[in-house]
1. So, R0 is 30 Å and r is the distance between the beta-carbons of residue 69 and residue 93; what FRET efficiency does that work out to, to 0.05?
2. Given segment 3-64, what whole percent of its Cα pairs are spread farther than 19 Å?
3. Counting Lys and Arg as +1 and Asp and Glu as -1, each charge on the Cβ, what is the dipole of segment 74-293 about the Cα centre in debye, to the nearest 20?
4. Just to be sure I understand: of the beta bridges DSSP finds with both ends in segment 74-293, what percent are antiparallel, rounded to 5?
5. Beta carbons within 10 angstrom, averaged per residue: use that to sort the peptides 269-276, 194-201, highest first.
6. Projected onto the charge dipole of the chain (+1 at Lys/Arg Cβ, -1 at Asp/Glu Cβ, origin at the Cα centre), which of 155, 124, 241 gives the Cα projection farthest towards the positive end?
7. State the Cα centre-to-centre distance between segment 198-241 and segment 64-100 in whole Å.
8. For segment 1-153, what is the convex hull (Cα atoms) projected area averaged across all directions, in square nanometres?
Amino acid sequence: MSRIAAFRVDGATSWGVVEGDRLFPVGGRAGAPGSVEELLDTPDLSVWLRSRAATSLDVGTVHLLPPIRPRQDLIALGLNYRDHLDESAARTQQFTPPRQPILFSKAASSVIGPEDEISFDRSVTAEVDWEVELAVIIGRPGRDIEPADALKHVFGYTIANDVSARDLQFLEGKQWYRGKSLDTFCPLGPWIVTVDELGQARGLQVALRVNGQTKQSSTTDHLIFGVEDIIASTSAGRTLGPGDVILTGTPPGVGFTRVPPEYLHDADVVEAEIEGIGVLRNRVRETRSRAARS
Ligand code: MG
């Protein structure tokens, strides 16, 4: 039904509904929730998604922000595409499909928007890798959610790039949180597509390009655990709430499994694309090293 974007224009932040290349602002209207996070706490939120202001903006003229600021650290799945499991096995020592989703968390502070740069200091990490992922945004709270009820708790979907510092991730064991939580390492966007449009998000093409070269190309049909099972598993004994974000794992083609390995460098442009959602495009910037500054 809707594509929802957060944006900044003339120094003010707001949110609105995207149709084609037009953006209909909602956030500034009388009585409207001021942000996407407030929208998720609004009981009659569909009223605001249906309403249209008389005026609209060209979506290309506003500064798009992350469509959601996660309420807490993101929940993420590792090794959730059958083919990615195979390519990673030598490094992860996980040779068979997991019987339960493999979960880790990624710091909420790592989130950036579709117009921000992925930036890193080469003295902290020299192995920065890409991972395109379908991101699930929770709307209705719930705990111990049955798979059959799971989609009632989903507000919508967006695209994530689970940027990963492999040298930190594989240092002294499996330090997923450390390797995946650096500032700017979680681009999200460009907007949220509501669940009524994508359902359980099966059969969607998922791709990632670096400087126009395709590195990852798969479909969500290859997910080991689908959206409904992921929600059932992550809500077992734990309350999921509005604004929680779950990253569903990445398909094959990441840099560290390539021969020779490939990583991101200054001025690279990374495009993560998911059918039915859009393209999340971020530029890479290497900052001056800590050592060089002193
Ligand atoms: Mg990942």
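FYI, it's all coordinate maths here, none of it is from the lab. Everything numeric in this text was worked out from a predicted model, so none of it was measured. As a convention, Cβ positions derive from the backbone with ideal geometry for all residues, glycine included, and neighbour counts pool all protein chains shown.
1. 0.30
2. So the pairs more than 19 Å apart make up 21 percent of the total in segment 3-64.
3. Numbers: 23 positive and 31 negative charges, 120 e Å.
Magnitude of the dipole: close to 580 debye.
4. Values: 40 of 49 bridges.
Percentage antiparallel, nearest 5: 80.
5. Working: 269-276: 19.5, 194-201: 18.0.
Descending packing order for the listed peptides: 269-276, 194-201.
6. 124
7. Value for the Cα centre distance between the two parts: 9 Å.
8. Details: hull surface 50.4 nm².
Average projection, Cα convex hull of segment 1-153: 12.6 nm².
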